[in-house]
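**Student:** Got a structure for you, questions after.
The values are calculated or read from the model by the stated rules, or taken from the named source; none is laboratory data. Keep in mind it's a predicted model, so treat the numbers as computed, not measured. Cβ: placed from backbone, ideal geometry, glycine included. Neighbour counts: every protein chain shown.
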Amino acid sequence: MKKKLEIVIPTDYKDITLKKYIELQKELKNYEDNEDAQTAVMVTYLCGIPFEYLSGLSKKDFDEIKTLLSQFLNNTDYPLQRFIWIDGVEYGFEPNLNEIAYGAYLDISSFDTTGIDENWAKIMSILYRPVTKKLMGTYEIEPYSGKIDGDKFMNTTMDVNFGTLFFFINLLKGLQKSILKSLKEEELPLPIKSILERSGQLILQ
(Lines give C-alpha, C1' and ligand atoms only; values in the text may rest on other atoms or scores of the structure.)
Protein backbone atom coordinates (compact mmCIF):
# COMPACT_ATOMS: atom_id res chain seq x y z
CA MET A 1 0.00 0.00 0.00
CA LYS A 2 1.42 3.33 -1.09
CA LYS A 3 1.71 6.18 1.37
CA LYS A 4 1.32 9.83 0.45
CA LEU A 5 4.24 11.95 1.64
CA GLU A 6 3.77 15.70 1.98
CA ILE A 7 7.02 17.63 1.64
CA VAL A 8 7.40 21.21 2.89
CA ILE A 9 10.45 22.83 1.33
CA PRO A 10 11.85 25.94 3.06
CA THR A 11 12.52 28.85 0.72
CA ASP A 12 14.31 31.20 3.12
CA TYR A 13 16.29 31.10 6.35
CA LYS A 14 13.18 32.61 7.93
CA ASP A 15 11.76 29.09 7.71
CA ILE A 16 14.62 27.49 9.69
CA THR A 17 15.08 27.74 13.45
CA LEU A 18 18.39 28.04 15.24
CA LYS A 19 17.77 24.66 16.87
CA LYS A 20 17.29 22.91 13.54
CA TYR A 21 20.29 24.67 12.01
CA ILE A 22 22.64 23.62 14.84
CA GLU A 23 21.37 20.04 14.70
CA LEU A 24 21.96 20.02 10.94
CA GLN A 25 25.52 21.34 11.26
CA LYS A 26 26.39 18.66 13.81
CA GLU A 27 25.01 15.94 11.55
CA LEU A 28 26.81 17.27 8.48
CA LYS A 29 30.15 16.94 10.29
CA ASN A 30 29.63 13.19 10.36
CA TYR A 31 29.73 13.14 6.54
CA GLU A 32 32.42 15.71 5.79
CA ASP A 33 34.03 13.47 3.16
CA ASN A 34 30.81 12.49 1.40
CA GLU A 35 29.06 15.25 -0.53
CA ASP A 36 26.13 13.05 -1.59
CA ALA A 37 25.50 12.03 2.01
CA GLN A 38 25.61 15.67 3.15
CA THR A 39 23.03 16.58 0.51
CA ALA A 40 20.78 13.76 1.68
CA VAL A 41 21.13 14.93 5.29
CA MET A 42 20.19 18.50 4.33
CA VAL A 43 17.11 17.32 2.47
CA THR A 44 15.92 15.16 5.36
CA TYR A 45 16.53 17.79 8.03
CA LEU A 46 15.30 20.87 6.20
CA CYS A 47 12.29 19.30 4.52
CA GLY A 48 11.30 16.96 7.34
CA ILE A 49 11.55 13.85 5.19
CA PRO A 50 12.14 10.69 7.25
CA PHE A 51 15.42 9.15 6.13
CA GLU A 52 13.77 5.82 5.33
CA TYR A 53 11.56 7.56 2.74
CA LEU A 54 14.42 9.37 1.03
CA SER A 55 15.40 6.48 -1.22
CA GLY A 56 11.82 6.28 -2.44
CA LEU A 57 11.91 9.73 -3.98
CA SER A 58 12.36 9.91 -7.71
CA LYS A 59 15.63 11.40 -8.90
CA LYS A 60 13.64 14.19 -10.56
CA ASP A 61 11.95 15.14 -7.30
CA PHE A 62 15.21 14.90 -5.34
CA ASP A 63 17.03 17.14 -7.82
CA GLU A 64 14.18 19.64 -7.76
CA ILE A 65 14.35 19.81 -3.96
CA LYS A 66 18.14 20.31 -4.11
CA THR A 67 17.69 23.16 -6.59
CA LEU A 68 15.10 24.92 -4.45
CA LEU A 69 17.27 24.64 -1.33
CA SER A 70 20.40 25.86 -3.13
CA GLN A 71 18.59 29.05 -4.12
CA PHE A 72 18.81 30.39 -0.56
CA LEU A 73 21.25 28.26 1.47
CA ASN A 74 24.31 30.23 0.35
CA ASN A 75 22.68 33.60 1.01
CA THR A 76 23.33 34.33 4.69
CA ASP A 77 23.71 38.11 4.42
CA TYR A 78 20.83 39.47 6.50
CA PRO A 79 20.52 42.85 8.22
CA LEU A 80 20.63 43.20 11.98
CA GLN A 81 17.15 43.12 13.50
CA ARG A 82 17.07 45.47 16.47
CA PHE A 83 13.76 44.06 17.70
CA ILE A 84 12.46 40.49 17.82
CA TRP A 85 9.48 38.85 19.53
CA ILE A 86 9.74 35.71 21.64
CA ASP A 87 6.66 34.25 23.36
CA GLY A 88 4.81 37.55 23.13
CA VAL A 89 7.70 39.60 24.58
CA GLU A 90 9.59 42.18 22.54
CA TYR A 91 13.38 41.95 22.81
CA GLY A 92 15.80 44.65 21.73
CA PHE A 93 19.41 44.37 20.66
CA GLU A 94 21.93 46.01 23.02
CA PRO A 95 21.41 49.69 22.02
CA ASN A 96 24.87 50.95 22.93
CA LEU A 97 27.76 48.51 22.83
CA ASN A 98 30.07 51.29 23.99
CA GLU A 99 28.28 51.24 27.33
CA ILE A 100 27.55 47.54 27.59
CA ALA A 101 27.41 46.29 31.19
CA TYR A 102 30.74 44.94 32.38
CA GLY A 103 29.09 41.66 33.40
CA ALA A 104 27.67 41.24 29.89
CA TYR A 105 31.08 42.02 28.43
CA LEU A 106 32.73 39.40 30.64
CA ASP A 107 30.15 36.75 29.83
CA ILE A 108 30.38 37.34 26.07
CA SER A 109 34.17 37.43 26.27
CA SER A 110 34.16 33.99 27.88
CA PHE A 111 33.37 32.59 24.42
CA ASP A 112 36.62 32.54 22.45
CA THR A 113 34.94 32.83 19.06
CA THR A 114 31.61 33.93 17.74
CA GLY A 115 29.82 31.63 15.34
CA ILE A 116 26.59 29.71 14.95
CA ASP A 117 27.28 26.85 17.35
CA GLU A 118 25.97 25.49 20.65
CA ASN A 119 27.05 28.69 22.44
CA TRP A 120 25.41 31.10 20.03
CA ALA A 121 21.99 31.09 21.73
CA LYS A 122 23.69 32.14 24.98
CA ILE A 123 25.33 35.09 23.25
CA MET A 124 21.97 36.07 21.78
CA SER A 125 20.37 35.99 25.24
CA ILE A 126 22.99 38.48 26.45
CA LEU A 127 22.67 40.83 23.49
CA TYR A 128 18.86 40.74 23.25
CA ARG A 129 16.86 41.64 26.37
CA PRO A 130 13.23 42.71 26.91
CA VAL A 131 12.41 46.24 25.76
CA THR A 132 11.38 48.53 28.62
CA LYS A 133 10.98 51.84 26.82
CA LYS A 134 10.67 53.29 23.33
CA LEU A 135 10.76 57.02 22.54
CA MET A 136 11.43 59.00 19.37
CA GLY A 137 13.47 56.31 17.65
CA THR A 138 15.41 55.37 20.79
CA TYR A 139 14.78 52.50 23.15
CA GLU A 140 15.92 50.92 26.39
CA ILE A 141 16.17 47.28 27.41
CA GLU A 142 16.31 45.53 30.76
CA PRO A 143 19.61 45.92 32.62
CA TYR A 144 21.84 42.88 32.34
CA SER A 145 21.19 40.60 35.31
CA GLY A 146 23.78 37.93 34.58
CA LYS A 147 21.08 35.38 33.79
CA ILE A 148 21.80 33.56 30.53
CA ASP A 149 18.83 31.72 29.05
CA GLY A 150 19.81 30.50 25.62
CA ASP A 151 16.98 27.97 25.36
CA LYS A 152 14.36 30.60 24.50
CA PHE A 153 16.47 31.73 21.55
CA MET A 154 16.70 28.27 20.02
CA ASN A 155 13.40 28.84 18.21
CA THR A 156 14.45 32.16 16.68
CA THR A 157 14.82 31.94 12.94
CA MET A 158 18.13 31.99 11.12
CA ASP A 159 17.53 35.33 9.40
CA VAL A 160 17.65 36.91 12.88
CA ASN A 161 20.74 34.96 13.91
CA PHE A 162 22.67 35.56 10.69
CA GLY A 163 21.77 39.24 10.90
CA THR A 164 23.34 39.44 14.36
CA LEU A 165 26.38 37.38 13.38
CA PHE A 166 27.15 39.43 10.28
CA PHE A 167 26.68 42.65 12.21
CA PHE A 168 29.72 41.61 14.24
CA ILE A 169 31.58 40.25 11.23
CA ASN A 170 31.11 43.48 9.27
CA LEU A 171 31.90 45.56 12.33
CA LEU A 172 35.14 43.72 12.96
CA LYS A 173 36.07 44.02 9.29
CA GLY A 174 35.61 47.77 9.52
CA LEU A 175 37.62 47.97 12.72
CA GLN A 176 40.48 45.87 11.42
CA LYS A 177 40.47 47.66 8.08
CA SER A 178 40.99 50.96 9.80
CA ILE A 179 43.69 49.51 12.05
CA LEU A 180 45.37 46.83 9.96
CA LYS A 181 44.15 47.85 6.47
CA SER A 182 43.22 44.24 5.71
CA LEU A 183 41.27 41.24 6.91
CA LYS A 184 41.88 37.69 5.72
CA GLU A 185 39.03 35.22 5.43
CA GLU A 186 41.13 32.68 7.34
CA GLU A 187 40.76 34.83 10.46
CA LEU A 188 37.16 33.71 10.88
CA PRO A 189 35.57 32.59 13.20
CA LEU A 190 35.85 35.89 14.92
CA PRO A 191 36.99 36.75 18.44
CA ILE A 192 33.98 38.58 19.81
CA LYS A 193 36.07 39.99 22.65
CA SER A 194 38.11 42.08 20.24
CA ILE A 195 34.92 43.49 18.74
CA LEU A 196 33.72 44.75 22.10
CA GLU A 197 37.13 46.02 23.16
CA ARG A 198 37.81 48.01 20.01
CA SER A 199 34.33 49.16 19.10
CA GLY A 200 34.85 52.91 19.63
CA GLN A 201 32.85 55.39 17.63
CA LEU A 202 32.43 52.98 14.72
CA ILE A 203 29.60 51.24 16.55
CA LEU A 204 27.70 54.51 16.83
CA GLN A 205 28.08 54.99 13.09
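**Student:** Give all pairs with beta carbons closer than 6 Å in which a residue from segment 135-148 that is in the same structural domain as Ile123 (by TED's automatic domain parsing) meets a residue that is assigned to a strand (DSSP E or B) and among the β-branched types (Val, Ile, Thr); count only pairs at least 6 apart in sequence or on separate chains.
**Tutor:** Tyr139/Val131; Glu140/Thr132; Ile141/Val131; Glu142/Thr132
**Student:** Out of Glu94, Glu90, Glu99, I need the residue that is over 23 Å from the mean Cα position of the chain (by Cα) and farther than 26 Å from Thr11 by Cβ. Which one?
**Tutor:** Glu99
**Student:** Could you check segment 1-116 for helices (runs of 4 or more DSSP H) lying wholly inside it with 1 or more residues that are of a type in the set (A, V, I, L, M, F, W, C) and in contact (Cβ under 8 Å) with a residue 40 or more places away in the chain?
**Tutor:** Fully inside segment 1-116 and qualifying: 18-29, 35-47, 59-73, 102-109.
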